[in-house]
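Participant: Dropping the structure in here first, questions after.
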Amino acid sequence: MSHVATDMSGETGGLRRLGRVTAAMWRLGASEALAYRAAMLVWILTTTFPLVSLALWHSLAGGGAIGGYGRAEFTAYFLAAFVIRQMTASWVVWDLAAQIASGDLSTLLMRPVHPLLHHLMSNLAALPVRMMLAVPLGLVVLIFVGDVEADAGLHLLLAPAAVLMAWLLNVSVQIAVACLAFWVTSSASLFELWLGLYMVLSGYAVPTGLFPAGLAAVVRYLPFHAALGFPVELTIGRLSGPEIAAGFALQLLWLAVFGALALWLWRRGLRVYGAVGA
Amino acid sequence: MEPVVEVRALCKQFRVPRREAGLGAALRALFRRQYTTVEAVRELSFSLGAGERVGFLGPNGAGKTTTLKMLSGLLYPSSGAVQVAGHVPAQRAPEFLRSISLVMGQKRQLSWDLPAVDTFEFNRVVFDIDARDYRRRLDELVSLLAVGEVMRRPVRQLSLGERMKCELVAALLHAPRLLFLDEPTIGMDVAMQLSIREFVRRYNVEHGATVILTSHYMEDVAALCPRILVIDGGQLRFDGSIEALTRRIRPLRRASVRADSLPSAEALAGMGRVVEVEGGRLVLDVEPARVPAVVQALIALPGAQDLVVQDAPLEEVMRELFRREAGAEPGR
């Protein structure tokens with residue numbers, strides 16, 4: 001019995017240590033995010049595309065609802081899309097691919113903590129700074145547009161989970177692509193391909209519900225929709241119970257696929273890592 | 001004594017793409033890429049005991065840094081076995097990483113835009129350092145390296161030497177049992193080189209840590225490392241003390257003296273090989289066994305002064321060693 005107790009305490013000790021390490025990474029990442037706040041503001045300004053879409057669809061819907069979206073619904077959709085994109089954004093693909101290519105990854109490999117945890121935390125740590133910059137921008141737009149309509153119901157309790165899953169999915173895809181840098185020279189540019197599809201198919205520019213029926217059905221099964229469209233539609237209350245369940249199931253599925261792929265590429269990649277640069 | 005580093009028949013090959021110069025070759029390489037296998041380390045075997053200070057010497061591309069990276073777990077060996085502090089480095093067990101440290105002159109672990117003290121605090125948590133130990137070690141390192149004020153400025157604003165001192169603090173806060181130093185003094189002025197050298201020696205003596213150093217500055221290695229491993233073409237060429245290497249490459253010792261009158265040419269020929277006789281100054285290369293007799297004879301000269309017997313400088317010995325090997329194995 002006694003050794004079981006020791007094991008248990010070892011387990012909680014390990015968890016407590018992981019908690020401390022995670023918190024320390026978060027603090028370091030937050031300090032860096034603050035040091036780069038100007039760069040982040042510029043980046044946020046380059047991702048205001050949903051707000052442009054908002055202006056466009058808002059005026060188009062002046063003549064009546066389009067595909068179930070009236071002016072107020074469009075406002076809710078694109079404001080949510082803007083904020084959720086900010087919350088689920090990651091830049092690990094550029095950071096990690098550059099570290100692999102330059103050999104700077106060596107620094108992370110010498111620490112007794114998983115390098116990928118470092119990247120997750122440095123992305124997450126930027127969230128508050130990012131929100132401090134993005135939310136006022138969204139509010140200003142809201143004041144200008146005026147009308148907004150979204151259901152405030154129980155589904156709002158599920159929204160954080162969907163946003164978290166979407167973030168993990170984005171991060172997994174980015175890590176998988178970044179790990180290609182172990183073998184090829186410029187893996188990050190491959191990600192541009194993914195990003196191009198994401199812009200069109202995720203519901204970032206246009207709600208996927210407005211696509212032609214056959215196309216919409218296919219698109220809503222893809223990982224792009226799971227990474228943005230689903231959490232957005234869930235947040236503004238456009239989904240029924242079964243649709244919500246299906247959305248979460250798809251998020252889980254894609255997360256499992258890309259998470260496994262990312263870890264596999266990471267492990268294979270370390271075997272060929274060159275640790276270049278003296 | 002149980003070895004702390006054990007390397008057996010270690011090999012590392014890199015497969016690198018190669019092509020001729022020019023656009024045509026670049027286009028051809030798109031369709032049929034050609035590779036060359038570079039053997040960076042070949043059949044390397046050695047072992048190191050706890051508390052040793054060992055220098056890796058060799059020309060550029062000899063495999064020193066590749067070996068160091070395999071010892072610290074950054075590179076997977078192609079074949080052979082490595083054990084460091086009871087671990088297989090490439091598995092990167094947290095316990096292993098907590099017992100070693102790697103400092104690279106050309107790489108940094110400090111966050112570029114934050115003060116170094118932020119990285120120190122971060123390492124305290126990540127390396128699980130007890131708060132009291134951390135305080136004590138930080139105070140000690142900071143006063144030894146005189147970085148009390150420096151560590152509070154953003155790293156990007158530090159000079160090369162200040163930055164390297166902070167790197168050393170970050171690397172040593174967890175009191176590693178093994179310290180790998182890859183060109184730690186590169187690009188530094190002589191005063192800074194001296195202070196870093198002295199600091200590393202002190203760390204080794206006070207903590208009993210094993211130190212492995214690669215450096216292009218022979219003085220670094222000569223002053224710091226009682227034992228050297230000469231690596232060339234990925235292979236071990238020599239393992240022993242600098243004195244032993246010198247004796248092997250340049251067995252004769254050089255004696256010089258000033259005197260009012262010098263012995264005759266025949267008498268000199270009996271002592272050793274004459275290098276220089278000029279204006280009362282005599283320089284001779286002497287067999288080691290004959291040094292005592294020759295020294296006695298030289299001291300007995302009328303008006304003898306400035307008698308010196310010394311080994312050839314390490315720099316010269318190394319040049320001689322690599323020249324001989326290049327001659328012995330043409331085409332490499």
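Participant: Quick one: the Cα spread of the range B:88-169 along its three principal axes, in angstroms, biggest first?
Facilitator: Taking max minus min along each principal axis of the Cα atoms, the range B:88-169 gives 37, 31, 21 Å.
Participant: Dipole of the protein assembly as shown, Cα-centred, from +1 at each Lys and Arg C-beta and -1 at each Asp and Glu C-beta, to the nearest 20 debye?
Facilitator: Roughly 780 debye for the protein assembly as shown.
Participant: In sequence order, what are the phi-derived ³J(HN,Hα) couplings for the range B:82-90 according to the Karplus relation 6.51 cos²θ - 1.76 cosθ + 1.60 with θ = phi - 60°, rounded to whole Hz, with x for glycine and proline?
Facilitator: Whole-Hz 3J(HN,Hα) from phi for the range B:82-90: 10, 10, 10, 6, x, 10, 8, x, 4.
Participant: With the calculation restricted to Cα positions, what are the radius of gyration and Dmax of the range A:2-272 in angstrom?
Facilitator: Over the range A:2-272's Cα set, Rg and Dmax evaluate to 20.3, 74 Å.
Participant: I would also like to ask the following. Quick one: dipole size for the range B:251-310, taken about the Cα centre, charges +1 on Lys/Arg Cβ and -1 on Asp/Glu Cβ, in debye to the nearest 20.
Facilitator: Magnitude of the dipole: close to 160 debye.
Participant: Moving to a separate point now. Add -39500 (n - 2.57) for each DSSP H run of 4 or more in chain A, then divide by its residues: what number comes out at 222 nm, to the nearest 500 deg cm²/dmol?
Facilitator: Using -39500 (n - 2.57) per qualifying helix, the result is -25000 deg cm²/dmol.
Participant: For a quick check: with amide H placed at 1.01 Å from N, whose amide H comes under 5 Å from B:G55's, ignoring anything fewer than 5 positions away on the same chain?
Facilitator: Here the answer is B:L213, B:R227, B:I228, B:L229, since their amide H atoms fall under 5 Å of that of B:G55.
Participant: At q = 0.12, 0.16, 0.17 Å⁻¹, what log₁₀ I(q)/I(0) does a Debye calculation on the Cα points of the range B:177-232 give, no solvent, two decimals?
Facilitator: After summing over all Cα pairs, the log10 values are -0.25, -0.45, -0.51.
Participant: Ok, one more. I need the Debye-formula profile for the range A:199-247: one equal scatterer per C-alpha, no solvent, reported as log10 I(q)/I(0) at q = 0.15, 0.23, 0.27, 0.29 1/Å, two decimals.
Facilitator: For the range A:199-247, the Cα-only Debye profile gives -0.32, -0.78, -1.07, -1.21.
Participant: Find the Cα radius of gyration of the range A:112-243, compare it with 2.2 N^0.38 Å by division, and give the number to two decimals.
Facilitator: In units of the 2.2 N^0.38 Å rule of thumb, it is 1.22.
Participant: Between the range B:159-176 and the range B:31-102, how far is it from one alpha carbon centroid to the other, in angstrom?
Facilitator: Here the answer is 22 Å between Cα centres.
Participant: Continuing with the same structure: For chain B, max minus min Cα coordinate along each principal axis, in Å, sorted largest first?
Facilitator: 72, 59, 44
Participant: With springs connecting C-alpha atoms under 10 Å apart, model chain A as a Gaussian network and identify which of A:L190, A:L250, A:L96 has the largest mean-square fluctuation.
Facilitator: A:L190
Participant: Separate question: Cross-link partners among lysines for B:K165, C-alpha distance below 27 Å, same-chain residues fewer than 8 apart left out?
Facilitator: Straight-line reach from B:K165, under 27 Å: B:K64, B:K69, B:K107.
Participant: Using a 10 Å Cβ count of at most 10 others and DSSP loop calls, identify the longest part of chain B lacking such GluC sites (Glu not before Pro).
Facilitator: It runs B:150-332.
Participant: Work out which helices of chain A, taken as complete DSSP H runs, extend at least 18 Å along their axis over the Cα atoms and score a mean Kyte-Doolittle of 1.6 or more, then list them.
Facilitator: Long hydrophobic helices here: A:127-145, A:155-179.
Participant: Still on this structure: Build a GNM of chain B with springs between Cα atoms under 10 Å: which of B:L262, B:L158, B:L172 gets the top mean-square fluctuation?
Facilitator: So, out of B:L262, B:L158, B:L172, the one fluctuating most is B:L262.
Participant: Give the Cα extents of the range B:1-81 along the principal axes, in whole Å, largest first.
Facilitator: The Cα atoms of the range B:1-81 stretch 59, 23, 19 Å along the principal axes, largest first.
Participant: Rounded to whole Hz and in sequence order, give me ³J(HN,Hα) for the range B:134-140 from the Karplus expression 6.51 cos²θ - 1.76 cosθ + 1.60, θ = phi - 60°, writing x for Gly and Pro.
Facilitator: 4, 4, 5, 5, 4, 4, 5
Participant: Find which of B:V5, B:V84, A:G259 sits farthest along the positive direction of the dipole of the protein assembly as shown, computed with +1 on the beta-carbon of Lys and Arg, -1 on that of Asp and Glu, about the Cα centre.
Facilitator: The listed residue farthest towards the positive side: A:G259.
Participant: 222 nm [θ] for chain B, helices only, -39500 (n - 2.57) per DSSP H run of 4+, per residue, to 500?
Facilitator: Calculated from helices alone, the mean residue ellipticity at 222 nm is -11500 deg cm²/dmol.
Participant: Under a 10 Å cutoff between Cα atoms, tell me which one of A:G29, A:G68, A:G259 has the largest fluctuation in the Gaussian network model of chain A.
Facilitator: Of A:G29, A:G68, A:G259, the Gaussian network model singles out A:G68 as fluctuating most.
Participant: I'm checking a number: the convex hull volume of the Cα atoms of the protein assembly as shown, normalised per residue, in Å³. What is it?
Facilitator: 233 Å³
Participant: Cα centroids of the range B:258-310 and the range A:10-71: how far apart, whole angstrom?
Facilitator: Cα centroid of the range B:258-310 versus Cα centroid of the range A:10-71: 82 Å apart.
Participant: What residue among A:S202, A:F49, A:M25 has its Cα farthest toward the positive end of the dipole of the protein assembly as shown, where the charges are +1 on Lys, Arg and -1 on Asp, Glu, each on the Cβ?
Facilitator: A:S202
Participant: Only four residue types carry charge here, +1 at the Cβ of Lys and Arg and -1 at the Cβ of Asp and Glu. Report the dipole size of the range A:2-272 about the Cα centre in Debye, rounded to the nearest 20.
Facilitator: Here the size comes out at about 660 debye.
Participant: Can you give the angle from 0 to 90° between the axis of helix B:190-207 and the longest principal axis of chain B, with both taken from C-alpha atoms, to the nearest 10?
Facilitator: The answer is roughly 70 degrees.
Participant: Still on this structure, please answer the following. For the protein assembly as shown, with the dipole built from +1 on Lys and Arg beta-carbon atoms and -1 on Asp and Glu ones, taken about the Cα centre, which of A:T75, B:V169, B:L213 lies farthest toward the positive end?
Facilitator: The residue sitting most towards the positive pole is A:T75.
Participant: Which whole-number percent of Cα pairs in the range B:251-310 have a distance greater than 20 Å?
Facilitator: Percentage above 20 Å: 10.
Any read-out appearing in this document is the output of simple, stated calculations on the displayed coordinates, not a laboratory observation. Quantities reported herein were computed from a predicted structural model and do not represent experimental measurements. Don't worry about glycine lacking a Cβ; one is built from the backbone with ideal geometry, like all the others, and counts go over all protein chains shown.
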